Structures are given as C-alpha cells and as structure tokens.
Amino acid sequence: MTSTDASVPPPDRDAVVDPGLARYLANHPAPLVAADALIRDESDRVLIVDPVYKPGWDLPGGILGDEELLPGLLRELDEELRLGDVRTGRLLAIDSVSKEVYGRVLIANICAVHLCRPAVADNLLLQEKEIRAARFVPDAEALARFPGPLRRRFAAALEAERGSHTAHLRDGYPVPTDSRDHYAMLPAPMVSATALITDERGRVLVAEHSYRRDGNPYGLPGGMVLAHETPQQGAAREIAEELGLTDVPVGRLLGVDSAPARAHGRALDLHIFAVGPLTDQQIAAIRFPDGEIVGAHWLAPDKAVAWLPERVGRRVVAGLQALATGNIAHLTRGVPQVGSPVGIPPARRAELEKGGLRPADHVAMRPKALTASAVLITDRRGRVLIVKPTYHDDGRWLLPGGGVDSDAAETARQAAEREVSEELGLQLRIGQLLATDWIHRPPHPVAVIHVYDGGVLADEVFDAIRLPARELSEWRLVDQEELHGLLLDRVVPRVHACLAARACGTGAVELLNGRPVAESVVAIVHRGSGELLLHERDEHAHCWPEYWSLLGGRLEPGEVPHETLARELFEEAALRIGDSPQVVERLWDRQGSQPQLVTVYAVPYDGTVDDLVLGEGRQLRFVAPAELDAYRMPPYLRAVVDRWLAARSTSAEEGTR
C-alpha cells in the first residue's frame, strides 16, 4: 500500500456540485496555502532543508496549487527530496500570515509526517533547483537555524506534537482564545484507565486481546479515557464495551502508573481501579461485544502475573497490595516510587530510611495498622454478650465494638464507650483494658484490637438493650463453651483469654492473632479414690523447674489447647485421653518465667501409677488431697486444685441431700 493510499481517503465521487457555486469559487480570490512537514528520524531528530529560493533553513514542503492539503504536501516531498515512502499524520499548526509580510495572505500549515523506513539525509535525492542541502538535527538546532516567523510556528508545532491540539497562530503568535479553548489546547499527558477485576475466589481476570503487544496478547481490560470522562467513567465504559458488563460498578482507585513520553510521544497516566469481586452470575454474563477481547481467563494472582507483560504484572502486584491494605500505589512504568504506600519491599524501604527520607515520604511508606475496640460484657451467670451484624453474610457473631476514629483524636477507650452506646443503646462505664490483640493476616493490614471490660450486668440492664437495625440484627448471651461455632475461630481464644484476665485481675494481657503469646494446658488427673496425679519437673523445665506440678505443657504452633493436652499427656506419661476433656477453668500465670494463659482440664483415670510411663521430668506420683501440703506446687496451680476440690466436695454434698 502506498503512502497516498494509506493517508488520503479517495474523493467522494457521489458528491453533488452546484455548477453556479463552482464557477463563483473558481474566480474567487483566495489566500496562498503552504504545507510543511515535521519529519523525525529514528533518533528523534527533525528533518530541515536549505532552499535555493530564499535565505535560511526551512522545513520540507511548499506552496500548494489547486489541490488538497495532504496530497499537495506529499507531492512537495516527492519533488524536493524524492521522499515518497511516508505516512502523513495530523495537522500540528496552522498560521495565518498577514498580507503585509508576503503581499498576500498566506495560510501556512505544519503537518506530522512519518517515515515508513529509516532514512539518512545524505541518501535523499535533492531537487537541486530547489534544495541545496538536507539534514536531521535536534529540535534546539532547528529552532536556532529557522528565521523568526518559522521559528515561532515550529515551536508551536512542537508543543502541539506533545499535546492533543492543533496550534492556531497569526503571524506565528497564538491567536487569543477564551478560557475553554485555552484549556482544551494545553499540552497534557494521555489518560487511560484499567480494571483490576477479581472474583469471589480471589482470582484475577486476564484478558486475551485480538492483537499482540510486544508479542503478548494478554493484558487487563481498559483503554483511553475520553476528554469528557473521568478516569472512573472511562473504566466503566471500557468494561462495558470490552466485556459487556454494564451493571458492575467500578470501585476505588488502586494506583496510578505514569509513563514518560517515549513510546507514544506523550506521557501517559494510567489509573488502576478495583472491580468486583464478581459473582458467578456476573462472570457468566461476560461477552466480547467489540471484539477487542477474545477471551477472559480467571487466574490465581501469581499465575496472572506470569502471563502478563512485565509492566502490567507489576501493576497487578501493586494493585492487589493496595486493595488489601486500603492504600493507593504510586508507580512509574510499573515501578513503585519513593513515597508509595505500597509496593516497596521492606528491605528496600529500610535502605531508603537509612539514606534519609523526607518526613512526608517516611510516613507514607511506613506500614499502617488498623485500630479497633471491643467490649467484654457478661451476666451474673458468666454468659458472654455477643451481637450479630447485618453486614456479614456468613452468620458470624461478634463482641460489641468497632473501629477507633483515630483521625478524630478518639482513643481506644472512647471508641469502646461510643460503640456500646451506638450498638446497644447503653451508657456503660468501661472498665479496665483486658487485652491487646495483634492481628496479622497477610495481605491485609495489621489490626490492633483493644478489649475492655464492660462489666457484669444485671438482667434489667440487658432488657434495656436497643440495637441499630441497619447494623445489628440480634444479641444473645452464651456460655463460654458455646462460643465455638458462633464466633470466628480466631475470636474465641481472645474471649477466653480476656475472661481469664478479668477473673485473675492480672491487668491487660498480650495476644497474637487471638491467642496468648504464651499458652499452656494442664490436667487434673484424678482417680475414683480421690488421689491426684502429680508430676515432679526437673531443672530443665521451661516453667516452674523442680516443682511438683500437673501434667501438661505449652502449645506448639498451630495447636489448640485440647490437642496440646492429648500430646503432652502421652509424651509425659503415655496417658491417652478421650476427645472431649472437661475444662475446669482458664487463668493467667504471671508468676512464672513468662506470663501465660493456662487452660485447666479434669481427666479421670482408673489405672495405677505403674501403668504410666514417665517421658519427661523426674517422677509421677498419685497423692491424696490431704497430703498436698507436703509437695511444693506453683501457687496458682495449688489454688486451681483447691478450687476444684472444693467444687467437687460441694457437688458431692448436694448430691447426698
């Protein structure tokens, strides 16, 4: 295909011409029209020529005859330089030169013209009667060589080349415009929008395009933002055009990725928006109306990144991090920039901090933690108050509480008071802090939960509870052992730890992901005769070395208390227990080497000490309750055993009445 075929549409043969109008126009005086070409080589230098017929350097081109603009420009290039293998681009500048300059009004146009193949100035075939020399030079050199009027016109064309407008000049100077035209003509970066679409399984939609960019057909849905659109509106239009999704809202901004003016001659600001998670019904409705996308692949994030071009993959990584942490990524060519709240690895952040950062960048780059408060409220029977939120569809229950409005200078305690008032309609005096719980569940931001004591309330106080219908649907009081199945698994240990801290009066305790930093179990192993099994620890024991204690030990990572109990009893004494050992109580041991929550179980045993196999420590021994004073036990465990014995005695007495 020739350059003329590619650049200039054929004339409309069916156009109706008024003969009278044609005769009038043929004799009507008209200004001269000139067309010049702004041509660049592979090094981004501009082609200039030295014409024979006037002093100074010029752009290639000339005065048009009775011909259209682009065909006339192509003719001039062919006549002057034998430069025919080119594509005409857009009109960059139009300059109305007054008749005082040349004796007639001249309309001078500068158009972009692109080489179809590399060209060297020395290889151009110059029309010697018109052109002395031709060369490719940098923009600054061209400006220095051009005479004043052309210099101004060329400078305006350079500005237009970097923008999206056509420069409108008079004698080389911008024509005054109103404010709307002024802003429409300002050079500006291109703006595009892309959608990071996820489903309910956490997968990412990777679009397969009908074309290949850098040999890769995969990308994210999206495209250029139109002049009248916001980036979010552009993203919504693109997913409607490309995927047929007209009822899926575009979510929040996840990041902005800027690219300098290299590939396309203008800078590009790409906005990344969250869309979804899509339901299975929405996924089933995906179509490809405009044919630009031919396939939609739902991939795990790491696989999606592997499929995508490198820069797009980096956008996905940063976008997902921003989605999980509530931040916005600041990228350039896909690379997180200094000050970006997400995307900068901890090691790189540490290097930057050592090198010195501006305070604003330091604050922006530091990881953030969410802060919330919860309130533990019980009745006189020890039952725990829990509430059911309307904004979760998984049936979960929660302790009363919510986020701390730290931006409004609210403290965690004030948040607890406010949440009780808003959620329950009660004005309670919030008691002591029972626990701080550090919740770390990547990729989500860390959350710090402060649990306060809401007290033991009378029945008439519970009767006064009034729930906000939009937030909570119901409340109830439940026994401690009924919390499983109602609260999330990570919340149940938090409640148990706080109940124990309240009962022991130990003050605030430290929790990690709902569990104490240190946690142990012990078993009151008892025989029908009333004897209790004691275990003498050796000097290597972690807690209370060389004391007589109960069988048990610390929880290992991933264990829950009853699993630890089964493991420890078998390791220490080859003792096997049933699936549902009885919980006696939970309490905090703050007298040992490290504060720890201890869950105490009662385990019946009908064998003898000879049936047991010592696995750790010095010895095992069954001891009658009356003889316990002869054995040095940790004080907190001795108190637990005494309370258990007293409760058994009371229960036995009541059973004989």
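The values are calculated or read from the model by the stated rules, or taken from the named source; none is laboratory data. Note that the coordinates shown come from a computational prediction; the quantities given were computed from them, not determined experimentally. Positions of Cβ are backbone-derived with ideal geometry, glycine not excepted, and every protein chain shown enters the neighbour counts.
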*Can you find even one residue in the stretch 101-124 that is within 42 Å of the chain's Cα centre (by Cα), of a type outside the set (S, T, N, Q), assigned by TED's automatic domain parsing to the domain that holds Leu47 and closer than 21 Å to Asp44 by Cβ?*
yes
*Can Leu628 be described as in contact (Cβ under 8 Å) with a residue 60 or more places away in the chain, assigned by TED's automatic domain parsing to the domain that holds His526 and surrounded by 18 or more Cβ atoms within 10 Å (Cβ to Cβ)?*
no
*State yes or no: is Ala518 aliphatic (A, V, I, L, M) and within 25 Å of Ser580 (Cα to Cα)?*
yes
*Would you check which residues across the stretch 200-232 are part of a loop (DSSP other than H, G, I, E, B), among the charged types (D, E, K, R) and within 15 Å of Ala259 (Cβ to Cβ) and list them?*
Asp214
*Any residue in the stretch 528-543 that is touching a Leu at 6+ places or on another chain (Cβ under 7 Å) and either of a type in the set (Gly, Ala, Ser) or part of a loop (DSSP other than H, G, I, E, B) (or both)?*
no
*Out of all the residues in the stretch 91-98, is one or more in a loop (DSSP other than H, G, I, E, B) and closer than 26 Å to Val137 by Cβ?*
no
*May I ask you to list pairs of residues, at least six apart or on different chains, whose Cβ atoms are under 9 Å apart, with the first in the stretch 388-415 being in a helix (DSSP H, G or I) and the second being buried (at least 18 other Cβ atoms within 10 Å of the Cβ) and of a type in the set (Phe, Trp, Tyr)?*
Ala412/Tyr452; Arg413/Tyr452
*Out of all the residues in the stretch 168-181, is one or more modelled with pLDDT under 95, within 18 Å of Asp50 (Cα to Cα), in a loop (DSSP other than H, G, I, E, B) and touching a Leu at 6+ places or on another chain (Cβ under 9 Å)?*
no
*asked:* Restricting to the stretch 564-601, name every residue that is assigned to a strand (DSSP E or B), among the hydrophobic types (A, V, I, L, M, F, W, C) and crowded, with 20+ Cβ neighbours inside 10 Å.
replied: Leu587, Trp588, Leu597, Val598, Val600
_Residue selected from the stretch 49-66 under the condition modelled with pLDDT of 90 or more and charged (D, E, K, R), by the criterion surrounded by the fewest Cβ atoms within 10 Å (Cβ to Cβ)_ = Asp50
*asked:* Considering only residues that are within 23 Å of Arg201 (Cβ to Cβ) and among the small types (Gly, Ala, Ser), which ones fall in the stretch 260-316?
replied: Ala274, Gly276, Ala284, Ala285, Gly295, Ala296, Ala300, Ala304, Ala306, Gly313
*asked:* Taking the criterion of being of a type in the set (Lys, Arg) and buried (at least 17 other Cβ atoms within 10 Å of the Cβ), would at least one residue in the stretch 471-478 satisfy it?
replied: no
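Here's the yes/no breakdown for (1) over 20 Å from Pro581 (Cα atoms); (2) among the polar types (S, T, N, Q); (3) touching a residue at least 60 places away in the same chain (Cβ under 8 Å); (4) in contact with a helix residue (DSSP H, G or I) (Cβ under 9 Å, 6 or more places away or on another chain):
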{"site": "His496", "(1), (2), (3), (4)": "no, no, yes, yes"}
{"site": "Ala500", "(1), (2), (3), (4)": "no, no, yes, no"}
{"site": "Thr506", "(1), (2), (3), (4)": "yes, yes, yes, yes"}
{"site": "Gly514", "(1), (2), (3), (4)": "yes, no, yes, yes"}
{"site": "Ala541", "(1), (2), (3), (4)": "yes, no, yes, no"}
{"site": "Leu555", "(1), (2), (3), (4)": "no, no, no, yes"}
*Run Glu241 past the list (1) modelled with pLDDT under 95; (2) outside any helix (DSSP H, G or I) and report the number of the one that doesn't hold.*
(2)
